[in-house]
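Chemist: One structure, as structure tokens, below. Some questions next.
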Amino acid sequence: MSDTSEDPYFALQEEIQESLDQMLALCEFHRRSCREGSSDDQKEGDICCDATTRHINDTVHHVEEELELLQQTIGIVEANRLKYRTIDDQELAQRKEFLATSRETLQRAKREMGGIP
């Protein structure tokens, strides 16, 4: 097991999870408010939907950058197993699983939103 006090992975993991949770909440809000129902004031509703879409896009791009950083940190650990011997194979596998699951979540949200670039 690794020492969490010196390992930046855990802070990055927490930030990614928070960003994914925020993105999923925004996608749900967008689905309910912008796709399924319309507000009494259509112009106000359109402005809200546009702002929500922009926020989702920004969050998606932020998560993509965070996942790239996470991939790099995993690669560094894999390439330097002696230096990072406190991170055992099980921990490394858990990190890879978190990365894969997070990428899948991101891709599902992008498909739901119509293929965010």
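Chemist: What number of residues in region 73-97 are open to solvent by 20 Å² or more (accessible area, probe 1.4 Å), under 21 Å from the mean Cα position of the chain (by Cα) and over 17 Å from residue 19 (Cβ atoms)?
Modeler: To start, the set of residues in region 73-97 that are open to solvent by 20 Å² or more (accessible area, probe 1.4 Å) comprises 73, 75-76, 78-86, 88-90, 93-94, 96-97.
Next cut, under 21 Å from the mean Cα position of the chain (by Cα) only: 73, 75-76, 93-94, 96-97.
From what is left, the residues that are over 17 Å from residue 19 (Cβ atoms) are 75-76, 93-94, 96-97.
Of the residues in region 73-97, 6 are open to solvent by 20 Å² or more (accessible area, probe 1.4 Å), under 21 Å from the mean Cα position of the chain (by Cα) and over 17 Å from residue 19 (Cβ atoms).
Chemist: Evaluate region 75-85: report whether one residue or more is more than 30 Å from residue 54 (Cβ to Cβ), part of a helix (DSSP H, G or I) and of a type in the set (Val, Ile, Thr). Please lay out each step first, then the result.
Modeler: Going through region 75-85, the residues more than 30 Å from residue 54 (Cβ to Cβ) turn out to be 75-85.
Still in the list and also part of a helix (DSSP H, G or I): 75-79.
Filter once more, so that each one left must be of a type in the set (Val, Ile, Thr): 76-77.
Yes, region 75-85 has at least one match.
Chemist: Continuing with this model, one more query. I need every pair where a residue in region 10-30 that is free of Cβ contacts under 8 Å to residues at least 12 places away in the same chain and of a type outside the set (D, E, K, R) has its Cβ under 7 Å from the Cβ of a residue that is open to solvent by 80 Å² or more (accessible area, probe 1.4 Å) and not in a helix (DSSP H, G or I), sequence separation at least 6 or different chains.
Modeler: Close Cβ pairs satisfying both conditions: 10/4.
Chemist: In region 1-59, how many are open to solvent by less than 90 Å² (accessible area, probe 1.4 Å), modelled with pLDDT of 65 or more and farther than 17 Å from residue 99 by Cβ?
Modeler: 22
The values are calculated or read from the model by the stated rules, or taken from the named source; none is laboratory data. For clarity, every value in this text was computed on a predicted model and none was experimentally measured. Cβ atoms come from the backbone with ideal geometry, glycine included; neighbour counts cover every protein chain shown. With ligands, DNA and RNA removed, areas are computed over all heavy atoms of the protein, side chains included. Shrake-Rupley method; radii C 1.70, N 1.55, O 1.52, S 1.80 Å.
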